[in-house]
Structure formats: structure tokens, C-alpha cells
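Beneath this line is the structure, given in C-alpha cells, with notes to follow.
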Amino acid sequence: MSRQVEMVFWDVQHGYATYVKTPNNRHIVIDLGTGDYSGSNAGFSPLKHLKANYGITQLDYVIITHPHRDHIDDILNFDSLSPKVLWRPTALTNDEVMAGVQEKDKAKFQKYCEINNGYNAAISSDSYDNPDKPDNWGGVSIKRFSTSNCDHNNFNNFSAITVFEYAGSKIVIPGDNESASFEVLMKESGFVSTVQNADILLAPHHGRESGYYADFVNKVNPRISIVSDGRYCDTSANARYSQKSRGWTVHKRDGTSSTRKCLTTNSDGAVTVKFGYQNDNSLFLYVAIE
């Protein structure tokens with residue numbers, strides 16, 4: 001068994017898509033964005049890429065933080081990797097999800113609803129697929145938080161926030177949460193203690209001001225913030241994330257490195273993060289961009 005976690009934060013234009021490989025070679029995907037700015041490939045599918053280039057035939061766990069198109073664009077390829085376990089915000093009904101969907105997007109949202117109906121079996125506490133058992137994931141702790149108490153007119157506030165911990169490193173991956181959900185979650189002591197003093201934060205809501213919640217960012221206190229954003233964003237909070245991040249060494253493919261505080265998939269391309277134990281049992285955190 002490997003002794004490291006590998007994560008890839010894909011460049012999927014104005015969307016989210018993250019891949020996680022655990023030390024015991026299990027495969028997790030968070031969100032299903034598509035496209036690629038750095039490679040000028042608007043049709044890039046992370047799911048197809050995982051199958052063709054990583055040799056993955058089945059995903060062990062998929063989290064769809066919430067059903068907005070930029071988080072489910074790749075959903076028509078979902079079945080090709082036969083995911084074992086799915087999390088999505090079940091407080092949102094299929095009728096709510098389909099309300100107001102444009103004709104050009106209807107097939108993707110219908111597929112989401114089909115999948116939503118299909119993943120209803122309970123997972124037993126002793127199942128090897130139980131996401132809450134670190135031993136199932138090579139020692140990786142996976143904790144997920146969300147609230148169902150917000151206005152159903154804004155799906156963003158039903159987004160999952162997932163926290164991965166292993167070998168002294170902590171990664172926080174939210175969806176598009178805004179102030180309403182953060183106000184609820186920040187009152188929960190278990191949430192606050194879990195997210196505090198992380199190494200990597202994927203900026204909520206693509207780094208927009210609407211997703212910047214100061215108390216949350218201050219508590220996370222990241223070394224590096226990663227923003228999965230579009231090329232043009234009038235409400236970018238990137239400067240604020242840079243100010244609140246502590247900085248870490250980032251490596252480039254050409255062999256150079258520099259200390260960075262905020263990375264964007266828009267300008268830096270896909271971001272790879274690896275962390276775990278080296279051969280001498282010392283801990284490491286490695287961050288690389290294209």
C-alpha cells in the first residue's frame with residue numbers, strides 16, 4: 001500500500017472537478033465539471049480522462065456538492081465508471097432540480113435525477129464502502145458537512161464541504177456555499193474544529209465574493225487557496241484569499257518553484273497535491289502546477 005494521497009484539482013473552466021486517490025488505491029471524485037482553459041479543450045471530461053489515462057474502471061465514492069450545471073457537466077459519463085457510493089444534497093427534490101432548466105441542459109439534469117433516484121440503499125457501518133471509516137480509505141479521514149436548513153431557492157447553500165486528513169495534512173473542499181450556510185455551519189463546534197488550520201482550501205463558489213465568509217477563511221487558515229474560476233469574474237475575492245493564506249512552495253513542470261499563496265486553475269492549470277509519509281517516515285506536502 002502506498003503511503004500518500006494524491007489529489008488533482010482539474011482545470012474545468014468555470015466549474016469544479018477534483019480527483020482523490022487514497023493510499024490503498026481507492027478513487028474518489030468531487031463534482032463533475034468539464035472543459036479546460038490551459039489546453040484549450042472545451043470538451044475535456046475528467047471522467048473519460050480517468051478511465052483512459054489512469055486506467056480506472058470504477059469509482060469508490062462520488063460527491064456532487066450540489067446540482068448546478070457547472071458541477072454536473074460530466075454526468076453523462078457517470079455510469080461508465082460505475083460509482084459505488086454517491087453523496088448529493090437529498091433535501092433538494094427532483095422537481096426542484098428540474099425547475100427552470102434550459103432545454104440544452106435538460107439531458108444532464110434528467111440524468112442527475114435518474115442517479116438521485118438510483119442511489120438510495122443504506123451503507124452499513126461495517127461496509128468497506130462506508131466513507132466514515134478511515135481504515136476503508138488507507139487511513140484517510142473523510143468528513144463531510146452540509147446544511148438542509150437554507151432557502152431552497154439557492155442550491156449553493158446545500159453544498160457539501162468535505163475535509164480530508166492524512167499524515168498531518170488537511171484539505172478542505174467546499175462547493176458553492178455562501179453566507180447563509182456558513183452562518184449555520186460555523187455554529188457547529190465539530191465543523192469548526194475539523195476545518196481549522198488546514199493546508200489547502202478550495203475557495204468556495206469559485207473564489208467569488210459571494211462565497212467569501214471571513215470567519216470561515218480565518219478558521220481554515222490555509223497555506224494555499226485554490227480557485228477554480230473563469231477567465232472573467234467581476235466579483236473575484238482572489239486578493240482576499242491571498243492575504244489570508246500563509247504560503248507554500250509550489251513546483252512547476254520546468255523544475256522551478258516559488259512560494260505561492262493563491263493558485264487559480266484559470267491561470268495555473270490543473271493543480272496536483274500529494275501528501276503523506278516519505279521513506280524515512282517524515283511527513284510531506286507537495287504542490288505542483290503545469
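Consider residue 8 against the criteria (1) open to solvent by less than 10 Å² (accessible area, probe 1.4 Å); (2) touching a residue at least 60 places away in the same chain (Cβ under 8 Å); (3) over 26 Å from residue 157 (Cβ atoms); (4) in a loop (DSSP other than H, G, I, E, B): it satisfies all of them except one. Which criterion is unmet?
(4)
Report every pair of residues separated by at least 6 positions or lying on different chains whose Cβ atoms are under 6 Å apart, first residue within the range 241-254 and free of Cβ contacts under 8 Å to residues at least 12 places away in the same chain and more than 23 Å from residue 219 (Cα to Cα), second among the small types (Gly, Ala, Ser) and surrounded by fewer than 18 Cβ atoms within 10 Å (Cβ to Cβ).
Listed pairs, sorted by first residue: none to list.
Which members of the range 193-219 meet the condition of being at pLDDT 95 or above, surrounded by 16 or more Cβ atoms within 10 Å (Cβ to Cβ) and over 22 Å from residue 275 (Cα atoms)?
Within the range 193-219, 216 is the sole residue that qualifies.
Would you check if there is a residue in the range 25-37 being open to solvent by 30 Å² or more (accessible area, probe 1.4 Å), closer than 17 Å to residue 130 by Cα and touching a strand residue (DSSP E or B) at 6+ places or on another chain (Cβ under 7 Å)?
Checked the range 25-37: no residue is open to solvent by 30 Å² or more (accessible area, probe 1.4 Å), closer than 17 Å to residue 130 by Cα and touching a strand residue (DSSP E or B) at 6+ places or on another chain (Cβ under 7 Å).
Just to be sure I understand, how many residues within the range 255-290 are among the small types (Gly, Ala, Ser) and touching a residue at least 12 places away in the same chain (Cβ under 8 Å)?
4
State which residue pairs qualify: first residue loosely packed, with under 10 Cβ neighbours inside 10 Å and inside the range 117-134, second residue among the basic types (Lys, Arg) in any location, beta carbons under 9 Å apart, and separation of 6 or more residues or different chains.
Note: pairs meeting the criteria are 125/133; 126/133.
From the list 199, 215, which residue is free of Cβ contacts under 8 Å to residues at least 40 places away in the same chain and out of contact with any Asp or Glu (no Cβ under 7 Å at 6 or more places or on another chain)?
215
Would you confirm, using the coordinates I've provided, whether residue 241 is in contact with a strand residue (DSSP E or B) (Cβ under 8 Å, 6 or more places away or on another chain), closer than 25 Å to residue 15 by Cα and open to solvent by 60 Å² or more (accessible area, probe 1.4 Å)?
no
Out of curiosity, is residue 86 touching a Phe, Trp or Tyr at 6+ places or on another chain (Cβ under 9 Å), part of a strand (DSSP E or B) and either over 28 Å from residue 277 (Cα atoms) or open to solvent by 70 Å² or more (accessible area, probe 1.4 Å) (or both)?
Criteria met by residue 86.
Filter the range 170-192 for residues that are within 21 Å of residue 9 (Cα to Cα), open to solvent by less than 10 Å² (accessible area, probe 1.4 Å) and not β-branched (Val, Ile, Thr) and give the result.
174, 175, 176, 177
The values are calculated or read from the model by the stated rules, or taken from the named source; none is laboratory data. Remember, it's a predicted structure, so these values are computed and weren't measured experimentally. All Cβ positions, even for glycine, are placed from backbone atoms using ideal geometry, and neighbour counts span all protein chains on display. SASA here: full protein model, heavy atoms, side chains in, ligands and nucleic acids out. Shrake-Rupley method; radii C 1.70, N 1.55, O 1.52, S 1.80 Å.
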